[in-house]
Amino acid sequence: MRVLRQIHARVLTRILPLSTFCFLLSKILSFSALSPLGNIHYARKVFAQIPSPGIYAYNSLIRGLLMAKNPNPSRQPLYLYRKMVRSGYPTPNTFTLAFVLKACSLAMAFQEGRQAKANHVTFIGILSACAHGGLVSEGRKYWSYMLESGIEPSMEHYGCMVDLLCRGGLVDEAYNFVKTIPITPNPVIWRTLLSGCKKGGMLQKAEIVAQRLLEAEPQNAENYIILAKLYGSTSQWEKMSQVRMSMKQKGIRAVPGCTSIEVDGFMHEFVMGDWSHPEAMEIRRTLRDVSVRIQKSGHEPLISAVLHRVDAEEKEHALYEHSERLAIAYGLLKVKAPAAIRIVKNLRVCQDCHEVTKIISKIYGREIIVRDRVRFHKFVNGSCSCRDYW
């Protein structure tokens with residue numbers, strides 16, 4: 001530890017690029033947390049010094065806390081996991097979920113050993129972890145265990161279960177589950193269920209859910225957009241027009257999608273179909289190359305994401321000009337490998353762009369990190385860190 005402390009001191013006193021600084025501190029943290037010669041208290045101190053801890057740092061500390069000698073080894077790892085989820089960055093990966101579920105098991109054993117009731121906050125972390133990992137069966141087990149422990153579910157617990165079932169494709173079950181909730185569901189639950197109905201193409205249920213949601217939040221544009229997208233995906237253009245007309249009459253305006261990327265200290269913003277960028281010609285050429293390669297990969301565009309009554313070719317072209325694709329194309333032009341292409345979108349990334357970004361990461365051998373309104377996505381070699389649960 002003496003040598004490690006010396007290295008740590010040097011890192012803190014040197015002027016280093018932020019990425020290098022975070023990388024070195026994460027390595028020091030990992031050794032402190034996981035090595036038999038390490039010190040978990042020192043590891044926590046190092047973690048606090050990292051400006052924006054990545055998934056490697058979080059996983060190292062969560063695992064180290066699990067290994068540490070502690071009367072209740074699950075409490076601190078679960079607290080750290082909840083902190084990560086609430087902050088929105090980084091996105092938990094399969095290793096994180098494995099460590100968290102180990103902590104959950106220890107929590108159950110610890111509570112049983114003390115013959116005490118488990119904490120309701122712990123179950124929020126557990127159910128959230130299961131939802132983000134697509135672990136439906138495990139989520140159901142923990143839900144049953146929570147009820148057996150005498151804990152009365154809160155709105156957050158119900159929300160986690162609806163999210164778990166919708167992400168797992170069990171929208172019918174989620175719909176029936178919501179009907180059993182003894183308290184009035186909040187807009188978050190209704191919106192989660194509406195998104196699930198949209199994804200599953202369940203129009204009749206979606207209309208019922210949308211009515212409840214619009215009663216609860218009549219001024220939220222997102223609620224109207226979800227319903228309009230569902231009508232558009234099923235070619236019900238008249239109903240889609242009625243939703244848009246309702247928005248117009250109520251003075252509700254949808255927020256336009258905008259994606260930004262920082263290059264050489266300057267922020268570049270892109271809006272769908274906007275070709276006013278000084279390097280628009282180069283971006284167009286890159287996009288054409290990307291489009292050709294994606295077509296060769298066999299990708300079929302999800303044209304149902306386009307809410308316009310136009311032919312399939314025009315819908316494909318509309319997807320081609322989504323703001324995140326413009327930003328990624330600019331990143332391919334300006335950000336040299338092996339550096340990651342990092343973009344930020346003010347709205348949730350659409351399903352087709354999510355699939356396309358996976359393909360781009362594989363074809364071009366690039367790491368692409370996308371921060372949308374919901375979460376972080378890390379695309380590497382054709383896969384996303386969200387495992388398509390987002």
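The values are calculated or read from the model by the stated rules, or taken from the named source; none is laboratory data. Quick caveat: nothing in here was measured; it's all calculated off a predicted structure. Please note: Cβ atoms are built from the backbone with ideal geometry, for glycine as well, and neighbour counts cover all protein chains shown.
Report, by residue number, each residue of segment 28-58 that is in contact (Cβ under 8 Å) with a residue 24 or more places away in the chain and either β-branched (Val, Ile, Thr) or closer than 18 Å to Arg10 by Cα (or both). Once the filter is applied, which keeps residues that are in contact (Cβ under 8 Å) with a residue 24 or more places away in the chain and either β-branched (Val, Ile, Thr) or closer than 18 Å to Arg10 by Cα (or both), segment 28-58 yields Ile28, Leu29, Ser30, Phe31, Ser32, Ile40, Tyr42, Val46, Gln49, Ile50, Pro51, Ile55. Within segment 330-349, one or more residues are farther than 28 Å from Cys130 by Cα, in the same structural domain as Asp264 (by TED's automatic domain parsing) and either hydroxyl-bearing (Ser, Thr, Tyr) or assigned to a strand (DSSP E or B) (or both). The residue pairs whose first member lies in segment 113-133 and is closer than 14 Å to Ala103 by Cα, whose second member is modelled with pLDDT of 75 or more and part of a loop (DSSP other than H, G, I, E, B), and whose beta carbons are closer than 6 Å, counting only pairs six or more residues apart or on different chains, are Ala118/Ser149. Could you list, in sequence order, all residues of segment 261-284 that are outside any loop (DSSP other than H, G, I, E, B), surrounded by 12 or more Cβ atoms within 10 Å (Cβ to Cβ) and not β-branched (Val, Ile, Thr)? Residues satisfying the conditions are Glu262, His268, Glu269, Phe270, Ala280, Glu282, Arg284.
Hey, among Val46, Val3, which residue is more than 29 Å from Ile341 (Cβ to Cβ) and β-branched (Val, Ile, Thr)?
Every option except Val3 fails the conditions.
Residue under question is Ile7, and the condition is that it be among the β-branched types (Val, Ile, Thr), modelled with pLDDT under 90 and within 24 Å of Ser87 (Cβ to Cβ); does it hold? Judged against the criteria, Ile7 is not a match. The number of residues in segment 305-329 that are at pLDDT 70 or above and assigned to a loop (DSSP other than H, G, I, E, B) comes to 2.
Gly257 meets all of the listed conditions (1) surrounded by 16 or more Cβ atoms within 10 Å (Cβ to Cβ); (2) modelled with pLDDT of 90 or more but one, namely (2).
Just one residue in the set Val344, Val349, Val370 is within 15 Å of the chain's Cα centre (by Cα), within 20 Å of Ala228 (Cα to Cα) and either acidic (Asp, Glu) or at pLDDT 85 or above (or both); that residue is Val349.
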